[in-house]
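The block underneath contains the structure these notes are about, expressed in structure tokens.
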Amino acid sequence: MEKENIAVGLDIGTTKIVAMIGKKNEYGKLEILGVGKSKSLGVARGVVNNITQTIQSIQHAVQEAENNSGYKIKDCVVGIAGQHIRSIQHTDYISRSNPDEVIGGNDIQQLIDQVNKLAMLPGEEIIHVLPQEFKIDGQAEIKEPIGMYGGRLESSFHVVVGQASSIRNVGRCIHDSGIELSGLTLEPLASSDAVLSQEEKEAGVALIDIGGGTTDLAIFKDGIIRHTAVIPFGGNVITDDIKEGCSIIEKQAELLKVKFGSAWPGENRENEIVSIPGLRGREPKEISLKNLSKIIHARVVEIIEQVFVEIKAYGHEDPRKKLIAGIVLTGGGSQLQHIKQLVEYITGMDTRIGYPNEHLAGNSSEEISSPLYATAVGLVMNSIENQTQSAVRINQQTEAPSMPVYKAPEVETEIQVEDEAVAEKPATVEEPKGKSTGTQIRESFFDKYVTKIKDFLDNAE
């Protein structure tokens with residue numbers, strides 16, 4: 001029987017943890033087999049601050065996904081975010097000893113290894129090295145250097161940096177939940193895979209993922225990632241403002257925001273009032289929807305203005321860097337009423353809400369097609385790309401109880417062998433049809449990083 005390529009993504013957010021199991025159907029679309037969701041305890045602004053509670057939340061989400069799908073999860077691709085993430089632009093070059101030989105994957109790997117040796121601030125580590133354009137002997141704007149001749153290979157890189165301890169804590173939580181880590185992906189990149197089209201990435205687009213604790217930004221132009229940022233504000237601060245402004249408990253504030261909240265105060269009339277039951281027999285509280293909208297509006301404006309500062313820092317006012325496709329909003333916060341109009345008003349850029357349904361199979365439920373699940377869908381897509389066998393049918397497992405749970409290193413070896421094969425293969429005209437330089441680099445780098453985390457966890461025990 002042919003092995004199914006079952007992929008698992010784990011989105012560890014500030015308000016929720018989502019475990020998603022999926023596979024590609026015969027039409028190349030993503031079929032979701034099971035989803036598990038739990039309230040995220042122990043995570044604040046994308047960073048783990050209570051290991052025990054986070055492990056329990058992960059186990060709850062994983063258990064639910066397994067029960068819904070009939071598959072047992074072995075490993076997963078996890079998304080990383082949080083206020084400790086920052087990005088830098090860096091340019092580096094190598095001089096090749098033999099310019100008469102064509103450039104191969106090993107030359108690019110050598111350039112990557114050089115970038116990985118960059119000195120960072122204490123406690124920081126490079127997580128992502130994303131190539132942008134290459135330059136060969138002064139000839140600029142080369143997207144695919146493999147197969148070309150040249151003595152000096154130069155490239156500009158988008159380098160994503162994060163706190164090593166925060167990433168290791170995430171690794172520890174997953175390890176102690178009884179599953180292995182098969183890959184790491186920056187959450188804005190996962191969301192962008194799920195909701196952006198290739199045309200938008202070519203034209204220039206800013207993806208704004210408004211989560212519970214953080215707002216993630218990823219900017220693409222000419223099909224290449226140009227800028228990433230994590231802003232430490234999200235839907236939670238809006239809920240806190242409502243709680244304080246209306247003197248109600250958090251649960252009621254969250255319900256008010258979801259059911260009646262609007263980012264545009266002009267919509268509500270003065271006499272529109274909602275009644276909130278009082279605590280323990282106290283009198284009910286009456287809250288004006290206009291005041292509620294004003295509270296929400298003030299905080300959303302602050303978040304969007306911070307994001308717009310980052311978009312300006314990228315330089316979108318430069319005609320060559322113009323984001324023609326505008327802005328795409330996703331994440332739970334994008335479901336707030338009239339937020340699209342407010343973003344267009346503040347930035348002057350075309351805006352749409354991003355749904356992950358383009359990549360999902362036609363029979364997917366409406367809930368999974370929500371922007372709330374964009375990151376989780378992107379992580380499952382990433383897991384499928386890595387060709388991981390992340391889950392097995394529960395009835396298959398009972399037949400073969402000796403199956404080892406720790407399977408991730410085998411996947412890793414496969415990918416590394418693949419990378420070596422790319423490096424050794426003589427370049428031909430057909431080369432670009434395979435994996436692009438960027439994909440090879442991202443895979444090989446993440447394999448090394450995941451190995452590093454696994455080694456750290458094993459030694460820590």
Helices (runs of 4 or more DSSP H) contained in region 126-245 and holding at least 2 residues open to solvent by 20 Å² or more (accessible area, probe 1.4 Å) and out of contact with any helix residue (DSSP H, G or I) (no Cβ under 6 Å at 6 or more places or on another chain): 164-176, 198-203
State whether one or more residues within region 357-369 are more than 16 Å from the chain's Cα centre (by Cα), under 26 Å from Ile311 (Cα atoms) and of a type in the set (A, V, I, L, M, F, W, C). no
Of those in region 246-264 that are without any contact (Cβ under 8 Å) to a residue 40 or more places away in the chain and more than 17 Å from Ser334 (Cα to Cα), the residue least open to solvent (accessible area, probe 1.4 Å) is Ala253
On the basis of being of a type in the set (Asp, Glu) and either over 15 Å from Gly22 (Cα atoms) or loosely packed, with under 15 Cβ neighbours inside 10 Å (or both), does Asp75 make the cut? no
Restricting region 304-358 to residues that are under 14 Å from Asp209 (Cα atoms) and of a type in the set (Phe, Trp, Tyr), the residue that is surrounded by the fewest Cβ atoms within 10 Å (Cβ to Cβ): Tyr355
Of everything in region 73-104, what is small (Gly, Ala, Ser), over 17 Å from Ile219 (Cα atoms) and in contact (Cβ under 8 Å) with a residue 60 or more places away in the chain? Give them in sequence order. Gly79, Gly82, Gly104
Quick count over region 124-139, residues being within 30 Å of Pro188 (Cα to Cα) and over 22 Å from the mean Cα position of the chain (by Cα), is 3
Might you check whether a residue that is in a helix (DSSP H, G or I), within 23 Å of Val205 (Cβ to Cβ) and not aromatic (Phe, Trp, Tyr) occurs anywhere in region 278-300? yes
Could you list, in sequence order, the residues of region 339-354 that are part of a loop (DSSP other than H, G, I, E, B) and either in contact with a strand residue (DSSP E or B) (Cβ under 8 Å, 6 or more places away or on another chain) or aliphatic (A, V, I, L, M) (or both)? Met349, Asp350, Gly354
Residues that are in contact with a Gly (Cβ under 7 Å, 6 or more places away or on another chain) and part of a strand (DSSP E or B): does region 252-271 have at least one? no
Which numbered condition Gly28 fails, given (1) within 14 Å of Gly212 (Cβ to Cβ); (2) surrounded by fewer than 17 Cβ atoms within 10 Å (Cβ to Cβ); (3) small (Gly, Ala, Ser): (1)
Only residues in region 332-350 that are in contact (Cβ under 8 Å) with a residue 24 or more places away in the chain and over 17 Å from Asp216 (Cβ atoms) count as the first member; pair them with residues that are of a type in the set (S, T, N, Q) and surrounded by 18 or more Cβ atoms within 10 Å (Cβ to Cβ), Cβ under 6 angstrom, at least 6 apart or cross-chain, and list the lot. Gln337/Ser262; His338/Ser262
When you scan region 49-59, do you find a residue that is surrounded by fewer than 24 Cβ atoms within 10 Å (Cβ to Cβ) and not in a helix (DSSP H, G or I), even just one? yes
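The values are calculated or read from the model by the stated rules, or taken from the named source; none is laboratory data. These numbers come from a predicted model, not from an experiment. Cβ coordinates were reconstructed from backbone atoms using ideal geometry, including for glycine residues, and neighbour counts include every protein chain displayed. These area figures cover heavy atoms from the full protein model, side chains too; ligands, DNA and RNA do not enter into them. Shrake-Rupley method; radii C 1.70, N 1.55, O 1.52, S 1.80 Å.
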